[in-house]
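The values are calculated or read from the model by the stated rules, or taken from the named source; none is laboratory data. Remember, predicted model here, so these are calculated numbers, not experimental data. Here the Cβ positions follow ideal geometry from the backbone for every residue, glycine too, while neighbour counts run over all protein chains shown.
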Amino acid sequence: MIRDQIQQTVANAVAAAQASGMLPAIDIPPVEIQRPNQPEHGDYSSNIALLAASAVKKTTGQKGNPRQIAQSIVDQIPTAGTQASRLPSDDLIGSVELAGPGFINIRLNARWLQSQVLTIIAEGERFGTIEKGEGRPWQVEYVSANPTGPLHYGGGRNAVLGDTLANLLEAAGYEVQREFYVNDSGTQFQLFIESLYVFYLQIFERDVELPQEGYQGAYLRDYAQLAREREGDRLLHMEPSAAKAALKEIGREIVLQDIKDELAGLGVTFDLWFSEQSLYDEGLVDQLLMKLTHEGEVIERDGARWFLASKYPGNEKDEVVVRSNGSPTYFASDIAYHYDKFVRRGFDRVINVWSVDHQGHIPRMGAVMRALDLEPERLVILLYNLVKLIRDGQEVKMSKRSGDLLTVREVVEEVGPDAVRFMLLTTSPERSIEFDLSLAVQRKNENRVFYVQYGHARICSLIQKAAKSGFDDPEVVPDDAAHSVTLLTHPAELTLIRRMLEMEEQVELAVERLSPHNLTYYAEDLTKAFSAFYENCQVLHSDVPPELARARLLLSLAARTALSRVLQLMGMTAPKAM
């Protein structure tokens, strides 16, 4: 990464200043590189001189002068065109200057910036890829809803967050598995099967009523009809218990296919759909409970079996894993599931995307990790807040049990998958979102997703126009391109290049925070930078020399590459026309 190269260069300069005697040979804090708040202060800045002055005083008792220390460091930083510049990487620094009480401001070399246009074009879909992960295996588990019906629109945020994070982790060099945990064991799924059975019987005009807490959404009728198409009246002639047992697998397949179709409409797919029931079928839940019992982590009390979570920080109470009636809780299978993830499948880290109403479960999962002799930090729980849908200024509400269910599919059909993904990424996960359905379909700049996608389409239109204006295949980089890009000297041109080169840092930031909302703002900034370039720098005008026009077309190609890439990372399409 560019920032890392600059950080290493400054660190080398600190070491050189110490070797020359200009800076005492003491322990200096690690070099930090930031972006200045004001662009006129440069591309990057470091406060290492201030930190070094504090270290000097602490170590020697003498007051260090931050500006003098900064100057001793600056004198050792190679810049393009100087004798000290011997390595190709040194060419990226154009100038270095002192500011304020001892800040070191660094400006990138304009010639190096120009050359990056061709680098961006050459990298194509890999532009913005970093090597942070070094191939380590990570898993992202998301959505993971009970297979009891279509996905509530709020679950769309879970899907979009998880899928985008998986994209980013792959771009950061991790080996990523995407997983949906199917909660097909337990009370809710059994209640769903009971309800589906009633709807199936009602198709044949049998006079039966739903269980008191049964599911009653209109989608149950559709599922029951699918079951009838598959099985005919076969289930009518079976004992109710046998019919429900048969319907369990049938219903599971029907509802999972429905969920898969919904998520596919949003551009979300999974590497593995992991069945909770499989943990019981192979005996892993029992094995883990026996293991933890032997190790003193699970005890019997009041007729139930308890995991001693209170032994571990953050937990005030123990947790039931097997009820007094002998039925296991969801927590029992959670223990086995995470053992399977970390011990049997060997993931270095696991990210679970959960809604905020599950935040109370986080401490006990930390206790589970410790009980299994695993580092708690290897399990990351990403909580996301609620989504409020607004249409024409009014909140759109739903009720799953009453049948008034607004699904992910319906929202996607109304505004399109790209609008859904973009809008659900505009805010950090911990904050709630107001999703304006009316705005999401409007073709105007206030609609943020339209603004960004139109920016990409605008670049495509420019390149197509160039082809019709006599340019030899503007999609192809000419042999003299290295010279052509040296003509890109206008401030708007260089600003656009700088904005594109932020991609790596944006990817790293999203991965470090596990919050991809910065990508939506970056996409807008990138679009604004291209618009400013397009408005200030004529491309195909008759007054523009052909060589300069070609250079600006190359810059436009690079901008299209960068904008397409950030849209791709967000799981969105990059339209060629709108």
Wholly within segment 497-578, which helices (runs of 4 or more DSSP H) include no fewer than the required count, namely at least 3 residues that are in contact with a Lys or Arg (Cβ under 8 Å, 6 or more places away or on another chain) and either more than 20 Å from LYS132 (Cβ to Cβ) or among the aliphatic types (A, V, I, L, M) (or both)? 518-536
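Here are some residues: GLU524, GLU508, GLU547. Which one is closer than 30 Å to VAL441 by Cβ and acidic (Asp, Glu)? Spell out the reasoning first.
Values: GLU508 fails: closer than 30 Å to VAL441 by Cβ; GLU547 fails: closer than 30 Å to VAL441 by Cβ.
Sole residue among the options that is closer than 30 Å to VAL441 by Cβ and acidic (Asp, Glu): GLU524.
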Given the criterion at pLDDT 95 or above and either out of contact with any helix residue (DSSP H, G or I) (no Cβ under 6 Å at 6 or more places or on another chain) or under 30 Å from MET570 (Cβ atoms) (or both), identify the matching residue among ALA309, ALA304, ALA336, ALA332. ALA304
Aromatic (Phe, Trp, Tyr), over 23 Å from LEU406 (Cα atoms) and outside the structural domain of PRO516 (by TED's automatic domain parsing): which single residue out of PHE204, PHE192, PHE180 fits that description? PHE204
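Looking at LEU288, LEU279, LEU263 in this structure, which one is crowded, with 18+ Cβ neighbours inside 10 Å and within 21 Å of the chain's Cα centre (by Cα)?
Values: LEU288 fails: within 21 Å of the chain's Cα centre (by Cα); LEU279 fails: within 21 Å of the chain's Cα centre (by Cα).
Just a single option satisfies the conditions, and that option is LEU263.
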Scope segment 131-144; condition part of a loop (DSSP other than H, G, I, E, B) and either in contact with a Cys (Cβ under 9 Å, 6 or more places away or on another chain) or surrounded by 17 or more Cβ atoms within 10 Å (Cβ to Cβ) (or both); matching residues: LYS132, GLY133, TYR142, VAL143, SER144
GLU319 fails exactly one of the following numbered conditions: (1) in contact (Cβ under 8 Å) with a residue 40 or more places away in the chain; (2) of a type outside the set (Phe, Trp, Tyr); (3) farther than 18 Å from GLU297 by Cβ. What is the number of that condition? (3)
Please go through segment 98-126 and give me each residue that is among the aromatic types (Phe, Trp, Tyr) and in contact with a strand residue (DSSP E or B) (Cβ under 7 Å, 6 or more places away or on another chain), ordered by number. PHE103
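Within segment 352-386, how many residues turn out to be in a strand (DSSP E or B) and over 20 Å from ALA332 (Cβ atoms)? Full working, then the answer.
First, the residues of segment 352-386 that are in a strand (DSSP E or B): 352-355, 379-384.
If we keep only those that are over 20 Å from ALA332 (Cβ atoms) too, we end up with 353, 355, 380, 382-384.
Matching residues across segment 352-386 total 6.
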What do you reckon, is ASN325 under 28 Å from ARG364 (Cβ atoms), assigned to a loop (DSSP other than H, G, I, E, B), of a type in the set (S, T, N, Q) and over 31 Å from the mean Cα position of the chain (by Cα)? yes
Looking only at segment 163-198, count every residue that is aliphatic (A, V, I, L, M) and out of contact with any Gly (no Cβ under 8 Å at 6 or more places or on another chain) and tell me the total. 5
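Residues checked against (1) modelled with pLDDT under 90; (2) surrounded by fewer than 21 Cβ atoms within 10 Å (Cβ to Cβ); (3) closer than 28 Å to GLN116 by Cα; (4) not assigned by TED's automatic domain parsing to the domain that holds ALA529:
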{"site": "ILE33", "(1), (2), (3), (4)": "no, no, yes, yes"}
{"site": "ASN37", "(1), (2), (3), (4)": "yes, yes, yes, yes"}
{"site": "GLN62", "(1), (2), (3), (4)": "yes, yes, no, yes"}
{"site": "PRO78", "(1), (2), (3), (4)": "yes, yes, yes, yes"}
{"site": "ILE93", "(1), (2), (3), (4)": "no, no, yes, yes"}
{"site": "PRO101", "(1), (2), (3), (4)": "no, yes, no, yes"}
If only one of LEU496, LEU509, LEU488, LEU462 is among the aliphatic types (A, V, I, L, M), surrounded by fewer than 18 Cβ atoms within 10 Å (Cβ to Cβ) and within 30 Å of LEU168 (Cβ to Cβ), which one is it? LEU509
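Table: residues versus (1) in contact with a strand residue (DSSP E or B) (Cβ under 8 Å, 6 or more places away or on another chain); (2) surrounded by fewer than 16 Cβ atoms within 10 Å (Cβ to Cβ); (3) not aliphatic (A, V, I, L, M); (4) not in a helix (DSSP H, G or I).
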{"position": "ARG409", "(1), (2), (3), (4)": "no, no, yes, no"}
{"position": "ALA419", "(1), (2), (3), (4)": "no, no, no, no"}
{"position": "GLN442", "(1), (2), (3), (4)": "no, yes, yes, yes"}
{"position": "GLU446", "(1), (2), (3), (4)": "no, yes, yes, yes"}
{"position": "TYR451", "(1), (2), (3), (4)": "no, no, yes, no"}
{"position": "HIS456", "(1), (2), (3), (4)": "no, no, yes, no"}
{"position": "ALA466", "(1), (2), (3), (4)": "no, no, no, no"}
{"position": "GLY470", "(1), (2), (3), (4)": "no, yes, yes, yes"}
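Within segment 255-280, how many residues are farther than 20 Å from GLY156 by Cα and not aromatic (Phe, Trp, Tyr)?
From segment 255-280, those farther than 20 Å from GLY156 by Cα are 275-280; that's our starting set.
Next, only the ones that are not aromatic (Phe, Trp, Tyr) stay: 275-279.
Adding up the residues that qualify gives 5.
Run down LEU235, LEU256, LEU247, LEU263 and say which single residue is of a type outside the set (S, T, N, Q) and within 30 Å of ARG513 (Cα to Cα). Quick ask: steps written out before the conclusion?
On the way: LEU235 fails: within 30 Å of ARG513 (Cα to Cα); LEU256 fails: within 30 Å of ARG513 (Cα to Cα); LEU247 fails: within 30 Å of ARG513 (Cα to Cα).
Answer to the check: LEU263.
Return the residues of segment 102-160 that are of a type in the set (S, T, N, Q) and touching a residue at least 24 places away in the same chain (Cβ under 8 Å); say none if nothing qualifies.
Here is the first cut: in segment 102-160, the residues of a type in the set (S, T, N, Q) are 105, 109, 114-116, 119, 129, 139, 144, 146, 148, 158.
Listed by number, the residues that qualify are ASN105, ASN109, GLN114, SER115, GLN116, THR129, GLN139, SER144, ASN146, THR148, ASN158.
Would a scan of segment 209-220 turn up a residue that is exposed (fewer than 14 other Cβ atoms within 10 Å of the Cβ), outside any helix (DSSP H, G or I), of a type outside the set (Lys, Arg) and over 41 Å from the mean Cα position of the chain (by Cα)? Write out each step before concluding.
From segment 209-220, those exposed (fewer than 14 other Cβ atoms within 10 Å of the Cβ) are 209, 211-213, 218; that's our starting set.
Those still in the list that are outside any helix (DSSP H, G or I) too: 209, 211-213, 218.
Applying the additional criterion that residues be of a type outside the set (Lys, Arg) yields 209, 211-213, 218.
From what is left, the residues that are over 41 Å from the mean Cα position of the chain (by Cα) are 209.
Yes, segment 209-220 has at least one match.
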Taking segment 145-185 and keeping residues assigned to a loop (DSSP other than H, G, I, E, B), in contact with a helix residue (DSSP H, G or I) (Cβ under 8 Å, 6 or more places away or on another chain) and either under 20 Å from TRP273 (Cα atoms) or of a type outside the set (A, V, I, L, M, F, W, C) (or both) leaves ALA145, ASN146, PRO147, THR148, GLY149, PRO150, LEU151, TYR153, ASN183, ASP184, SER185
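Name every residue in segment 221-234 that is surrounded by fewer than 21 Cβ atoms within 10 Å (Cβ to Cβ) and within 16 Å of ILE254 (Cα to Cα), in order of residue number. First the steps, then the outcome.
Narrowing segment 221-234 to residues surrounded by fewer than 21 Cβ atoms within 10 Å (Cβ to Cβ): 221-222, 225-226, 228-234.
The answer is ARG221, ASP222, GLN225, LEU226, ARG228, GLU229, ARG230, GLU231, GLY232.
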Given (1) of a type in the set (A, V, I, L, M, F, W, C); (2) under 20 Å from VAL485 (Cβ atoms); (3) in contact with an Asp or Glu (Cβ under 9 Å, 6 or more places away or on another chain), index of the condition LEU51 fails: (2)
Kindly list, by first and then second residue, each pair from a residue in segment 292-303 that is over 10 Å from ASP318 (Cβ atoms) to a residue that is aliphatic (A, V, I, L, M) and assigned to a strand (DSSP E or B), limited to pairs with Cβ atoms under 9 Å and residues at least 6 apart or on different chains. LEU292/VAL298; LEU292/VAL321; THR293/ILE299; GLU300/VAL322
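Which residues, taken from segment 539-569, are within 13 Å of GLU493 (Cβ to Cβ) and small (Gly, Ala, Ser)? Step through it out loud before you land on a result.
Step one: filter segment 539-569 for residues within 13 Å of GLU493 (Cβ to Cβ), giving 539, 544, 548-549, 551-556, 558-559.
Matches in segment 539-569: ALA549, ALA551, SER556, ALA558, ALA559.
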Which of (1) farther than 17 Å from HIS456 by Cβ; (2) free of Cβ contacts under 8 Å to residues at least 24 places away in the same chain is the odd one out, the single condition LYS528 does not satisfy? (1)
